[in-house]
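For reference, the structure discussed in these notes is given below.
The values are calculated or read from the model by the stated rules, or taken from the named source; none is laboratory data. Only a predicted model underlies this, so the values are computations on that prediction, with no experimental measurement involved. Cβ coordinates were reconstructed from backbone atoms using ideal geometry, including for glycine residues, and neighbour counts include every protein chain displayed. Areas reflect the complete protein model, heavy atoms only, side chains present, ligands, DNA and RNA absent. Shrake-Rupley method; radii C 1.70, N 1.55, O 1.52, S 1.80 Å.
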Amino acid sequence: MTFSLPDLPYPANALEPYISAETLGYHHGKHHAAYVDKLNGLLAGSALADQTLEDVIIEAKDDPEHAAIFNNAAQVWNHTFYWNCMTPNGGGRPTGEIGDRIQKEFHGFEGFRSQFAAAATGQFGSGWAWLVLDRGQLKITATSNAWTPVAQGQHALLTCDVWEHAYYLDYQNRRADYVEIFLENLVNWQFVEQQLATAQSRATAA
Ligand code: FE
């Protein structure tokens, strides 16, 4: 099996003025594409070929010989997930079940917001901030480099890419401003709600 670069779920200029078409063009068309190409090259002829992306991540995660496969596979997964976590006219307060649960589990939306922003701005160097469902509970985490909840038995619900390539053209060193804009204007809460429903139905089926 070879993996392919998924299209962005919206035009490259759809998130302007918050994320420029130039940033999305490089981020999706160069960075994400390079992870896909490298992964396909590394998997050719490997014992991990012909598996799903999630299985490649899980199989490769603890094997130092497969570190490059893990990094590229996880980055392919993380980026596809990240594009879906954003939408034009997104952000703000969620409604629905995710809204209720955030209200309860983080002592209100402001509690969620400040914890998520702290995870995103506090991640030293490259990485990702996440809202996950972990054994039935909402949790905020940050991961380093390519590391992903998929490798940790958690269900990802929301992510913010905090590698510099995600924001440097638009915000330079101001990661906190990018994270603030992400929460205020970009989060696709409808997608997050769908991830929560999927995570719960998988947990029930397991
Ligand atoms: Fe990225």
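State in Å² the accessible area per residue of the range 22-76; use a 1.4 Å probe, count heavy atoms of protein chains only, and round to the nearest integer.
Per residue, the range 22-76 has an accessible area of 49 Å².
What's the extension gain from R135 to H31 if we count 0.36 nm per residue and subtract their Cα-Cα distance?
Details: separation 104, 0.36 × 104 = 37.44 nm, distance 3.23 nm.
Stretched out fully, the R135 to H31 stretch lengthens by 34.2 nm.
Let me know the shape class of the range 60-157, please: from the alpha-carbon gyration tensor, a ≥ b ≥ c as square roots of the eigenvalues, rounded when a/c is under 1.5, otherwise prolate if a/b is greater than b/c, or oblate. Numbers along the way, then the final one.
Values: a/c = 2.01, a/b = 1.86, b/c = 1.08.
It comes out prolate by the Cα gyration axes.
By the scheme Lys and Arg +1, Asp and Glu -1, what is the net charge of all other residues having a beta-carbon under 14 Å from that of V162?
Result for the neighbourhood of V162: -3.
Multiply the residue separation of F124 and D177 by 0.36 nm, subtract the distance between their alpha-carbon atoms, and state the gained length in nm to one decimal.
Net length gain for the segment: 17.5 nm.
Share of Cα-Cα pairs in the range 89-206 beyond 22 Å, in percent?
Of the Cα pairs, 31 percent sit more than 22 Å apart.
Would you kindly derive the ³J(HN,Hα) couplings of the range 31-36 from the backbone phi angles with the Karplus curve 6.51 cos²θ - 1.76 cosθ + 1.60 (θ = phi - 60°), listing them in order in whole Hz, with x for Gly and Pro?
5, 4, 4, 5, 5, 5
If you build the Cα gyration tensor of the chain and take the root of 5 times each eigenvalue, what three semi-axes come out, in whole angstrom, biggest first?
26, 22, 15
Taking K61 as the anchor, which lysines have their alpha carbon closer than 26 Å to its alpha carbon, excluding any fewer than eight residues away along the same chain?
K30, K38, K139
Which far-off residues, 5 or more places away or on another chain, put their amide H under 5 Å from the one on M86, with H placed in the peptide plane?
Hits under the 5 Å cutoff: N188.
For the range 59-106, what % of the accessible area comes from carbon and sulfur atoms, probe 1.4 Å?
Accessible surface attributable to carbon and sulfur in the range 59-106 totals 43 percent.
Would you kindly derive the ³J(HN,Hα) couplings of the range 42-52 from the backbone phi angles with the Karplus curve 6.51 cos²θ - 1.76 cosθ + 1.60 (θ = phi - 60°), listing them in order in whole Hz, with x for Gly and Pro?
Whole-Hz 3J(HN,Hα) from phi for the range 42-52: 5, 7, 4, x, 8, 5, 8, 5, 6, 10, 6.
Among Y171, Y26, what's the order by accessible area (1.4 angstrom probe), most exposed first?
Y26, Y171
Rounded to the nearest 500 deg cm²/dmol, what is the calculated helix-only ellipticity per residue at 222 nm for the chain, with -39500 (n - 2.57) per DSSP H run of length n ≥ 4?
About -14000 deg cm²/dmol.
Quick check: residue separation of S46 and K104 times 0.36 nm, minus the Cα distance between them. What number comes out in nm? It would help to have the intermediate numbers written out before the result.
Values: separation 58, 0.36 × 58 = 20.88 nm, distance 4.59 nm.
Roughly 16.3 nm would be gained on extension.
Taking only the C-alpha atoms, wrap a convex hull around the range 1-121 and report its volume per residue in Å³ as a whole number.
Per-residue hull volume (Cα only) is 143 Å³.
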